[in-house]
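Colleague: Dropping a structure here in structure tokens format, bear with me for questions.
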Amino acid sequence: MQGQLAFLRESGFEVMVITSPGKELEAAGRSERIETLAVPMAREVSLGSDLKSLVRLYQVIRRLRPSVTNVGTPKAGLLAGIAAWLAKVPCRFYTLRGLRCETATGSRRLILLLAERIACLCAHKVICVSESLRQRAVALGIVQLHRTLILGSGSSNGVNASRYSQAPLGLNHASEMRQELKIPLEAEVVGFVGRLTRDKGIVELVKAFSRLCEASAVVWLLLVGDFEDGDQLPHDIRRTIETNPKIIRTGFVPEATVYYHLMDVLALPTYREGFPNAILEAHAAGKPVVATRATGVVDAVIDGVTGVLVPVGDATTLAQDLESLLMNKDSAAAMGSAGRERVWREFQQERIWGALAREYSQLLGARGLPRPETESKRVSLVVTEEHSAFQS
């Protein structure tokens, strides 16, 4: 959401963000010059804690009496969505950023499906961050098609493409970073940005990398991210990541921009997405992508043009296509260039922000409420549970 909140404020909305407490929330308040409020929300299901959060959110929303609420992430979408419905907020949005239920099984899947359905029912409009996500949500019976919308070509916040330009200063920084990470100059680098979990396809990525190493002695794997307690990797895969000297794990970083310039190709063998920002960022840096034909990903990669799509869970094909791009520099460069052009054409942040502001204004007008164009200060309440929503 970086930049989006300041844009809304400058467009005439009075913006407040509610999320779990932390330094990220405080930083967002300062950088976006908006009001913030911390309400603890557990990421996983916790009935006692969730009930307390729901009551607190309802009390806050009743006190603020916002004209618009926009809630996001599974937990906040449910709790804050219910609270906004109970408080009779006149314009309620839910931003659907992905479906955790896609890869869940058993009772957990049923619970997640029910939570998403309730969150959507509490909203007047459901913003889907990609067309394939919208179609998947409709197919699962989570939301009716006529209640959904997509901002521009998709994504929740677009990308500031200028930050990823291959300017001399940025390339010099990348060269210094390469030396710090002890990646040889002659090495070809397969990169990944995100959480190191099963859902992100890390098992297949490590297996594919092992196959690449059998064919080439100069290929390295750069993992920009870290392990998480939820959705843990198998012990042998984690041990390989921790002990293989040709696998570099940076941990979570506050700014990933420079790392894309260390990569020859980005790999994203994920099982599910909403709309993967890492792909937009890699394209903005002029890098080709090999990713899976998963929800959300098919909207971010044009197969054969900006990258290559492979079947979900197929480590062999993943290795083959990564090797092909590493060997065919001209093809890789053409895909990276096409990706960069598409980002500049379709995913500039101002395009997404403007579309969101228009949706807010249209629903306010339909409800007979003043819009920012006619009254300079209305309240837009944005609720999310995860601090990562404010990071780049």
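The values are calculated or read from the model by the stated rules, or taken from the named source; none is laboratory data. These numbers come from a predicted model, not from an experiment. Glycine also receives a Cβ, built like all others from the backbone with ideal geometry; neighbour counts cover every protein chain displayed. These accessible areas exclude ligands, DNA and RNA; they are computed on the full protein's heavy atoms, side chains included. Shrake-Rupley method; radii C 1.70, N 1.55, O 1.52, S 1.80 Å.
Colleague: Just name the residue that is modelled with the lowest pLDDT out of those in segment 1-20 that are under 20 Å from the mean Cα position of the chain (by Cα) and closer than 18 Å to Ala76 by Cα.
Modeller: Met1
Colleague: Being among the polar types (S, T, N, Q), touching a strand residue (DSSP E or B) at 6+ places or on another chain (Cβ under 6 Å) and within 19 Å of Arg367 (Cβ to Cβ), is that true of even one residue in segment 71-93? Give the steps one after another, and end with the answer.
Modeller: To start, the set of residues in segment 71-93 that are among the polar types (S, T, N, Q) comprises 73.
Next, only the ones that are touching a strand residue (DSSP E or B) at 6+ places or on another chain (Cβ under 6 Å) stay: 73.
With within 19 Å of Arg367 (Cβ to Cβ) added as a condition, the list becomes none.
The answer is no; no qualifying residue exists.
Colleague: Of (1) touching a residue at least 60 places away in the same chain (Cβ under 8 Å); (2) in contact with a strand residue (DSSP E or B) (Cβ under 8 Å, 6 or more places away or on another chain); (3) under 28 Å from Leu113 (Cα atoms); (4) open to solvent by 10 Å² or more (accessible area, probe 1.4 Å), Ala38 satisfies all except one. Which?
Modeller: Failing condition for Ala38: (1).
Colleague: Right, another one. Counting only residues that are farther than 20 Å from Phe347 by Cα and basic (Lys, Arg), which one in segment 126-151 is most open to solvent (accessible area, probe 1.4 Å)?
Modeller: Taking the candidates together, the pick is Arg136.
Colleague: Looking at segment 21-29, is at least one residue assigned to a loop (DSSP other than H, G, I, E, B), of a type outside the set (A, V, I, L, M, F, W, C), touching a Gly at 6+ places or on another chain (Cβ under 9 Å) and on the phi < 0 side of the Ramachandran plot? Spell out how you get there, then give the answer.
Modeller: Of segment 21-29, the ones assigned to a loop (DSSP other than H, G, I, E, B) are 21-22.
With of a type outside the set (A, V, I, L, M, F, W, C) added as a condition, the list becomes 21-22.
The next check asks that each one be touching a Gly at 6+ places or on another chain (Cβ under 9 Å); those that pass are none.
Looking for residues that are assigned to a loop (DSSP other than H, G, I, E, B), of a type outside the set (A, V, I, L, M, F, W, C), touching a Gly at 6+ places or on another chain (Cβ under 9 Å) and on the phi < 0 side of the Ramachandran plot, one finds none in segment 21-29, hence no.
Colleague: Among the residues of segment 116-135, count how many are farther than 20 Å from Arg367 by Cβ and under 20 Å from the mean Cα position of the chain (by Cα).
Modeller: 10
Colleague: Now for a different question. Across segment 240-284, what is the number of residues that are part of a helix (DSSP H, G or I), touching a Leu at 6+ places or on another chain (Cβ under 6 Å) and within 16 Å of Glu180 (Cα to Cα)?
Modeller: Residues meeting the conditions: 0.
Colleague: Give segment 240-271 a look and list any residue that's under 17 Å from the mean Cα position of the chain (by Cα), modelled with pLDDT of 95 or more and open to solvent by less than 40 Å² (accessible area, probe 1.4 Å), or say none.
Modeller: Passing the criteria: Tyr260, Leu266, Ala267, Leu268, Pro269, Thr270.
Colleague: Please go through segment 86-125 and give me each residue that is open to solvent by 60 Å² or more (accessible area, probe 1.4 Å) and of a type in the set (Ser, Thr, Tyr), ordered by number.
Modeller: Hits for segment 86-125 are Thr105, Ser107.
Colleague: So in segment 223-239, with the set limited to residues that are in a helix (DSSP H, G or I) and of a type outside the set (A, V, I, L, M), which one is nearest to the chain's Cα centre (by Cα)? Break it down stepwise before answering.
Modeller: Taking segment 223-239 as the starting set, the residues that turn out to be in a helix (DSSP H, G or I) are 235-239.
When the remaining residues are screened for being of a type outside the set (A, V, I, L, M), the result is 235-236, 238-239.
Numbers: His235: 27, Asp236: 28, Arg238: 24, Arg239: 27 Å.
Looking at residues that are in a helix (DSSP H, G or I) and of a type outside the set (A, V, I, L, M), I get Arg238.
Residue by residue, here is whether (1) open to solvent by less than 10 Å² (accessible area, probe 1.4 Å); (2) modelled with pLDDT of 95 or more; (3) in a helix (DSSP H, G or I) holds:
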{"site": "Gly286", "(1), (2), (3)": "no, yes, no"}
{"site": "Ala291", "(1), (2), (3)": "yes, yes, no"}
{"site": "Asp299", "(1), (2), (3)": "no, yes, yes"}
{"site": "Val305", "(1), (2), (3)": "no, yes, no"}
{"site": "Leu309", "(1), (2), (3)": "no, yes, no"}
{"site": "Thr316", "(1), (2), (3)": "no, yes, yes"}
{"site": "Trp353", "(1), (2), (3)": "no, yes, yes"}
{"site": "Glu373", "(1), (2), (3)": "no, no, no"}
{"site": "Ser380", "(1), (2), (3)": "yes, no, no"}
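Colleague: Right, another one. From the list Arg147, Arg163, pick out the single residue that is charged (D, E, K, R), touching a residue at least 40 places away in the same chain (Cβ under 8 Å) and more than 13 Å from Gly296 (Cβ to Cβ). Before the answer, list the steps.
Modeller: Values: Arg147 fails: touching a residue at least 40 places away in the same chain (Cβ under 8 Å).
Criteria check complete, one pass: Arg163.
Colleague: Does segment 24-35 contain any residue that is over 29 Å from Gly354 (Cβ atoms), under 17 Å from the mean Cα position of the chain (by Cα) and at pLDDT below 95?
Modeller: no
Table: residues versus (1) of a type in the set (A, V, I, L, M, F, W, C); (2) modelled with pLDDT of 95 or more.
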| residue | (1), (2) |
| --- | --- |
| Leu64 | yes, no |
| Lys75 | no, no |
| Ile82 | yes, yes |
| Thr95 | no, yes |
| Arg100 | no, no |
| Leu112 | yes, no |
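Colleague: Could you please find all residues in segment 31-86 being among the β-branched types (Val, Ile, Thr) and in a loop (DSSP other than H, G, I, E, B)?
Modeller: Taking segment 31-86 first, the residues among the β-branched types (Val, Ile, Thr) are 34, 36, 39, 45, 55, 60-61, 68-69, 71, 73, 82.
Correct list: Ile34, Val39, Val45, Thr73.
Colleague: Next question, about the same structure. Please determine, by comparing only the residues of segment 335-351 that are in a helix (DSSP H, G or I) and within 9 Å of Ala161 (Cα to Cα), which one is least open to solvent (accessible area, probe 1.4 Å).
Modeller: Taking segment 335-351 as the starting set, the residues that turn out to be in a helix (DSSP H, G or I) are 335-346, 349-351.
Still in the running and within 9 Å of Ala161 (Cα to Cα): 340, 343-344, 349.
Values: Arg340: 71, Val343: 2, Trp344: 121, Gln349: 28 Å².
Checking each candidate, the answer is Val343.
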